[in-house]
């Protein structure tokens, strides 16, 4: 009898014994594609102390990814080498190819975000172009480095890790194309390179950064207001060549030589980086009036790094049929004018674009 009771007790104990804890299911990591274009982040130097005079764009995307094994904890990574160039060699033809590939990838269900490694010299221009033509709310992040991969204190690996974490975050969706270096997150439209060699070179001096990377996650403080990505009118899917647009820098005694050269080169648009509030010298004004009479769209910008160019301020833009660049830098104004000319040559419509984007 006692043995029978003992068996019952054992059975009851087994029935009420806590079930062994099962390991919690791991959340699915986002799929992030790294598109490599070259630049300093893929550069190598003669020694570990070489931070100038190095050779850009020597390492491939696989090497960049392999150098940061921590990426595997943040996202499921795939890599693709789109170009292998120093970014001073970036052209509108490169922009078109890159933009089309980005849109192709973002249209796929198995791609949650994209990181683009890029040289810092023209990174802000590529970023703004993509900000205007990417047709997805999924995160797109541009990243670079100020020191080559072989440097003792290379900034590329941490920048890449942060960029992937930013692209992998659900909080990043719908914020337009972003630039992530030195733990800061900046909007493509507003960011600019401010220093030739500092690790903190990418800044948004007037409007401020969007946020920061904190312990591997983005912390946002503001959102971009100007229309971007899915809200723009620009579609480059069927475009094989972009309109030619040039920039002319004003300086004391610059005259009209640069403007005339742009006209002779067949530019469809000219951005005049004027002094002060987009001021025009007498010679420059005469040359730009002639250019406009030939159908070339003229945008008045400023070489000053801050402030907006006032319409009908330093020139009678209504009478001259000119466009003003708002607060876009000359290089960003060129990007927008290039895309505007794929849609229209009407200066009123183009001016509206400069107010909207």
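The values are calculated or read from the model by the stated rules, or taken from the named source; none is laboratory data. Here the structure is a predicted model, which is why all the values come from computation and not from measurement. Cβ: placed from backbone, ideal geometry, glycine included. Neighbour counts: every protein chain shown.
Only strands (runs of 3 or more DSSP E) whose full extent lies in segment 76-169 are considered here, and the ones with at least 2 residues that are surrounded by fewer than 18 Cβ atoms within 10 Å (Cβ to Cβ) and modelled with pLDDT of 95 or more are 76-85. So, residue 258, is that one over 30 Å from residue 165 (Cα atoms), in a helix (DSSP H, G or I), in contact with a strand residue (DSSP E or B) (Cβ under 8 Å, 6 or more places away or on another chain) and modelled with pLDDT of 95 or more or not? Criteria met by residue 258. Can you say whether residue 266 is at pLDDT 95 or above, surrounded by fewer than 14 Cβ atoms within 10 Å (Cβ to Cβ) and under 22 Å from residue 344 (Cα atoms), as far as the supplied structure shows? So residue 266 fits the description; yes. Residues of segment 185-215 that are in contact (Cβ under 8 Å) with a residue 60 or more places away in the chain and surrounded by 15 or more Cβ atoms within 10 Å (Cβ to Cβ): 188, 189, 191, 192, 193, 201, 202.
For residue 293, the conditions (1) under 30 Å from residue 138 (Cβ atoms); (2) surrounded by fewer than 15 Cβ atoms within 10 Å (Cβ to Cβ) all hold with the exception of (1). Go through the residues of segment 64-73 one by one and say whether even a single one is surrounded by 15 or more Cβ atoms within 10 Å (Cβ to Cβ), in a strand (DSSP E or B) and over 19 Å from the mean Cα position of the chain (by Cα). Scanning segment 64-73 turns up no residue that is surrounded by 15 or more Cβ atoms within 10 Å (Cβ to Cβ), in a strand (DSSP E or B) and over 19 Å from the mean Cα position of the chain (by Cα). Sub-6 Å Cβ pairs linking a first residue in segment 248-266 that is within 15 Å of residue 285 (Cβ to Cβ) to a second residue that is surrounded by fewer than 18 Cβ atoms within 10 Å (Cβ to Cβ), at least 6 apart or interchain, are 255/283; 256/283, ordered by first then second residue.
Counting residues in segment 300-318 that are assigned to a strand (DSSP E or B), touching a helix residue (DSSP H, G or I) at 6+ places or on another chain (Cβ under 6 Å) and within 20 Å of residue 124 (Cβ to Cβ) gives one or more. Among the residues here, residue 273 qualifies as closer than 18 Å to residue 328 by Cβ, at pLDDT 95 or above and in a strand (DSSP E or B).
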